[in-house]
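The values are calculated or read from the model by the stated rules, or taken from the named source; none is laboratory data. Note that the structure is predicted; figures quoted are calculated from it, not measured. Every residue, glycine among them, receives a Cβ derived from its backbone with ideal geometry; neighbour counts consider all protein chains shown. The protein model used for the area step is the full one, side chains on, heavy atoms only, and it has no ligands, DNA or RNA in it. Shrake-Rupley method; radii C 1.70, N 1.55, O 1.52, S 1.80 Å.
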Amino acid sequence: VEEIKSGTTVWTMDGAGKRVEAPVTRTSATAVPTGFQVVKITLSDGRSVTASPGHPTADLKALSSYQAGDSLDRAKVVSVDSLSYDGGYTYDILPEGETGLYWANEILLLSTLK
């Protein structure tokens, strides 16, 4: 996500629940303190996503609220790990459209941008 710029085309979900391409209309970079930790969620089908603990999924749940055995994006959560992050910033994008949803590493997330 940190390499995506406004105008880049990404996969989003339209209001009818269909996967469609759309340009990114907004991006953000938020400074994080030294010692910041991110959450890595690994799913039973091999997909994983690493993001801020409070980043929402399509189910409106924060990533940090998931536990092994929970369902996420049609798969079971295998592990939830906190990892040290020294990137200085976390990033988010907002795709064009009414939902604010986008796929990050094939896992459907909700943008924090409005």
Q) Roughly to the nearest percent, how much of the accessible area of the chain is carbon and sulfur, given a 1.4 Å probe? A) 49
Q: Would you kindly derive the ³J(HN,Hα) couplings of segment 54-67 from the backbone phi angles with the Karplus curve 6.51 cos²θ - 1.76 cosθ + 1.60 (θ = phi - 60°), listing them in order in whole Hz, with x for Gly and Pro?
A: x, 5, x, 8, 4, 7, 6, 9, 5, 4, 5, 8, 7, 10
Q.
Suppose every Lys and Arg Cβ carries +1 and every Asp and Glu Cβ carries -1, with no other charges. What dipole size does the chain come out with about its Cα centre, to the nearest 20 debye?
A. 120
Q | Most fluctuating residue given options Ala68, Ala51, Ala104, as computed from a GNM of the chain linking Cα atoms under 10 Å | A | Ala68
**Q.** Mean accessible surface per residue for segment 2-92, computed with a 1.4 Å probe while every protein chain stays in place, in Å²
**A.** 59
Q: Report the full-extension gain for the segment Asp86 to Gln67: residue separation times 0.36 nm, less the Cα-Cα distance, to one decimal in nm.
A: 4.4 nm
Q. ³J(HN,Hα) across segment 102-114 via Karplus (A = 6.51, B = -1.76, C = 1.60, θ = phi - 60°), whole Hz, x for Gly/Pro?
A. 8, 8, 10, 6, 6, 10, 6, 10, 9, 5, 8, 8, 10
Q.
Just to confirm a number: summing +1 for Lys and Arg and -1 for Asp and Glu over residues other than Thr112 whose beta-carbon lies under 13 angstrom from that of Thr112, what do you get?
A. +1
Q) What is the gain in length, in nm to one decimal, between Val78 and Thr50 on full extension, counting 0.36 nm per residue of separation less the C-alpha to C-alpha distance? A) 8.7 nm
Q: Please give the residues of segment 1-22, grouped as numeric ranges, whose backbone N is less than 15 Å from a label point set 7 Å along the Cα-to-Cβ vector of Glu96.
A: 5-15, 20-22
